[in-house]
Amino acid sequence: MVKKYNTPEEAKQDQQYLDTLKELIFQLADDDLLISHRGSEWLGLAPHIEEDVAYSSITQNTMGHAAMLYELLEELGVGKADDLAHLRKPEEYRNARLVERVNGTGDYKENPDYDFGYAIIRNYAYELFKKIRLEALQQSSFVPLADTARKIKREQYYHLYHWEVWIDQLAHSTDEAQKRLNNAIQKTWEDVASLFDLGPKGDQIVEYGLLESGEMLKKKFMDQFKAKMENSGLIWPGEPQPLSETGREGRHSEEFVDALNHLSEVYKMDPQASW
Amino acid sequence: MFKPEITIHSDDPRVQEFLERIENGEKIEVDDWMPDDYRLQLIKLIAMHGISEIMGAFPEKEWVPKAPTLKRKLSLMAKVQDEVGHGQLLIRVAEDLMHPLGKTREDLIEDLFSGRLKFHNVFHMPAPSWADAALIGWLVDGAAIVTQKMLAHTSYAPYARALKRIILEERFHAYHGEDMVIALGDGTEQQREMMQDALNRWWPALLMFFGPPENGEIKSNQEINIRYKIRSKTNEELRQEFLDKYVPQIRALGLEVPDDNIYYDETKKQWVYTHPDYTYLRDVIAKNQGPRSQNRLNLRKIGFDNNEWVREALLHNQKAIS
């Protein structure tokens, strides 16, 4: 039976537990921050107006999830939520590679050449993983995190459903749509393993009962993803290659640094000011 | 676009009946009989309104990923999402009116790209700083509320219903914009400068928002609008309302109205101010040659073209079902 920590104050009494907990919440918050940032670049570019409304609603909810998680860190005494989201150095961010990838080529304001097929599959993969992770987090030894996970999951259900509907609609339509979705799966697969990595404190995260192991998360994910692909007549790409570099250790792409510069540009003008 | 006919076929007895309904303050529904020029005028007005909501997402979109705090990121995303939602709502109203003419949403989008369908002058302007995003939220939405409050009394019921919902949300937007402006106006020197710069930049466009003054010469277009009670106030009346409301608020924030000659004439009960160059509307904006016209049309077009395969796939499914 793992020990439960009911409040931030209790967690703060146990330095090792606190360090492990912080590491985990940064992974959760940074994942949501980056995928939401990428979503916000899609604004005004979706296939139709209704999708623009729906996708931006998902993006907004997800930014809300990131904000809730940074606030948890603030309650744990790590720093001000806005400073944590905007002012850390790139190597201090703990998000998975998959969520930092660009939407396509070109600048979001000038000449965005974005691939909606990749948006569907990347978001589906992330939301499926997020659901599995949230389900596990509901048993977390840090009770405020388990409560937050429950809250997030109520909205997140619809996010996953949204991308599933897109797969259902497009997988059995034209040859081109099928080809694009299969290409997007290949591209997503280059980074998918980054999701299951729990980072340098992975073992402690599991020992402390904060979250189940990356292996478990991965197994559940692969079973469900594979079933979805097979039911949709899409090509199951098999086991993903393990990654040599990991975002959970703060190793990020150039694309990530650009994203970070964008999302913190105004705040960094004067972090002391009230915006 | 559909060129509205100016003449009313008054020999048709239905026209007289229709005008009587309008005179009695009755509201017209989509399936009611209506004169062609009423329908065409509505399509023109509502399509432009709808497409402007959608094009209006682009200047603000530039600042969504960069919004300074988590709270601002959330609220600006929500706001821009609302605007696109308004666009959808309005385009649905226009689509119903276009249906008997065999026209669809695709035609509207094509008209936008070809320049036949205009989008609002303010959305052709650049938004180079965060303060522009704040100003758009406060004053562009504020100007829109002035126009929309008048249009909410329009004789065409589906448009009036859509506007009631839109105005409710726009009020939140204006509060949201005001909150951003206050943060900057009460902020550091750098923030106050950003805010004043943005106001200076946007002032002429805000005055132009309402269109050229009539100076006693009502154009045929407006005449139809007023006769059919599609709208009830002139451009200049609306601009005066805007100045009534916002000049004091701008000053209360410690910002300067960038017009040395502006004053309130107590005897005439109206604002006297420096008019912007309205020919700019006709010669530059109406030709999509404003500073950011092509960029924003281009973004819309990229989104449209890149996703053609998605629309084709959806259409393929529909065919398979039917």
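The values are calculated or read from the model by the stated rules, or taken from the named source; none is laboratory data. The structure presented is a predicted model; accordingly, all values stated were derived computationally and were not measured. We place every Cβ from the backbone using ideal geometry, glycine too, and count neighbours over all the protein chains shown. Ligands, DNA and RNA are excluded from the accessible area calculation, which covers all protein heavy atoms including side chains. Shrake-Rupley method; radii C 1.70, N 1.55, O 1.52, S 1.80 Å.
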If residue B:230 satisfies all but one of (1) open to solvent by 20 Å² or more (accessible area, probe 1.4 Å); (2) in a loop (DSSP other than H, G, I, E, B), what's the number of the condition it fails? (1)
Within the stretch A:113-128, is there a residue that is among the small types (Gly, Ala, Ser), closer than 30 Å to residue B:298 by Cβ and modelled with pLDDT of 95 or more? yes
Filtered residues of the stretch B:233-265 (kept if open to solvent by 70 Å² or more (accessible area, probe 1.4 Å) and touching a strand residue (DSSP E or B) at 6+ places or on another chain (Cβ under 9 Å)): B:244, B:261, B:263, B:264
Quick check: anything in the stretch B:50-73 more than 30 Å from residue A:38 (Cα to Cα) and either touching a helix residue (DSSP H, G or I) at 6+ places or on another chain (Cβ under 6 Å) or polar (S, T, N, Q) (or both)? no
Wholly inside the stretch A:1-114, helices (runs of 4 or more DSSP H) that include 2 or more residues that are open to solvent by 10 Å² or more (accessible area, probe 1.4 Å), at the interface with another protein chain (Cβ under 10 Å from one of its Cβ atoms) and hydroxyl-bearing (Ser, Thr, Tyr) are A:49-75
If I filter the stretch B:183-191 for residues that are surrounded by 20 or more Cβ atoms within 10 Å (Cβ to Cβ), in contact (Cβ under 8 Å) with a residue 12 or more places away in the chain and more than 14 Å from chain A (Cβ to nearest Cβ), do I get at least one hit? no
With the structure loaded, tell me whether residue A:232 is over 17 Å from residue A:129 (Cα atoms), open to solvent by 90 Å² or more (accessible area, probe 1.4 Å) and of a type in the set (Ser, Thr, Tyr) or whether it fails that test. no
Within the stretch B:79-92, identify whether any single residue is under 24 Å from residue A:258 (Cβ atoms), more than 9 Å from chain A (Cβ to nearest Cβ) and in a helix (DSSP H, G or I), and answer yes or no. no
So, residue B:234, is that one away from chain A (no Cβ under 14 Å) and free of Cβ contacts under 8 Å to residues at least 60 places away in the same chain or not? yes
Residue B:299 open to solvent by less than 10 Å² (accessible area, probe 1.4 Å) and at the interface with another protein chain (Cβ under 9 Å from one of its Cβ atoms): yes
Return the total of residues in the stretch B:277-322 being among the hydroxyl-bearing types (Ser, Thr, Tyr) and touching a residue at least 40 places away in the same chain (Cβ under 8 Å). 3
Out of all the residues in the stretch B:48-84, which are small (Gly, Ala, Ser) and within 20 Å of residue A:65 (Cα to Cα)? B:67, B:75, B:78
Out of the residues in the stretch B:101-120 meeting the condition of being in a helix (DSSP H, G or I) and in contact (Cβ under 8 Å) with a residue 40 or more places away in the chain, tell me which one is surrounded by the fewest Cβ atoms within 10 Å (Cβ to Cβ). B:101
Within the stretch B:233-267, can you find the residues that are assigned to a loop (DSSP other than H, G, I, E, B) and modelled with pLDDT of 95 or more? B:255, B:256, B:257, B:258, B:259, B:260, B:261, B:262, B:266, B:267
If you check A:156, A:138, which single one turns out to be of a type in the set (S, T, N, Q), modelled with pLDDT of 95 or more and touching a His at 6+ places or on another chain (Cβ under 8 Å)? A:156
State whether one or more residues within the stretch B:18-34 are of a type outside the set (Gly, Ala, Ser), open to solvent by less than 60 Å² (accessible area, probe 1.4 Å), at the interface with another protein chain (Cβ under 10 Å from one of its Cβ atoms) and over 23 Å from residue B:125 (Cβ atoms). no
I'd like the full set of residues that are touching a residue at least 40 places away in the same chain (Cβ under 8 Å) and either within 30 Å of residue B:184 (Cα to Cα) or β-branched (Val, Ile, Thr) (or both), limited to the stretch B:14-48. B:22, B:28, B:30, B:43, B:46
Those helices (runs of 4 or more DSSP H) lying entirely in the stretch A:161-275 with at least 2 residues touching a Gly at 6+ places or on another chain (Cβ under 6 Å) and under 24 Å from residue A:58 (Cα atoms): A:175-191
So residue A:155 clears everything in (1) open to solvent by 10 Å² or more (accessible area, probe 1.4 Å); (2) in contact with a Gly (Cβ under 9 Å, 6 or more places away or on another chain); (3) more than 14 Å from chain B (Cβ to nearest Cβ) except one condition, right? Which one? (3)
What is the number of the single condition among (1) in a helix (DSSP H, G or I); (2) more than 14 Å from chain A (Cβ to nearest Cβ); (3) open to solvent by 10 Å² or more (accessible area, probe 1.4 Å) that residue B:206 does not meet? (3)
If you scan the stretch B:35-66, which residues turn out to be of a type in the set (Asp, Glu) and open to solvent by 30 Å² or more (accessible area, probe 1.4 Å)? B:36
The number of residues in the stretch A:161-182 that are surrounded by fewer than 19 Cβ atoms within 10 Å (Cβ to Cβ) and without any contact (Cβ under 8 Å) to a residue 40 or more places away in the chain is 7
On the basis of being closer than 28 Å to residue B:276 by Cα and modelled with pLDDT under 95, does residue B:124 make the cut? no
Being of a type in the set (Ser, Thr, Tyr) and under 18 Å from residue B:151 (Cβ atoms) is the requirement here; does residue B:263 meet it? no
All positions within the stretch B:47-78 that are within 7 Å of chain A (Cβ to nearest Cβ) and either within 30 Å of residue B:106 (Cα to Cα) or modelled with pLDDT under 95 (or both): B:54, B:57, B:58, B:61, B:62, B:64, B:65, B:77, B:78
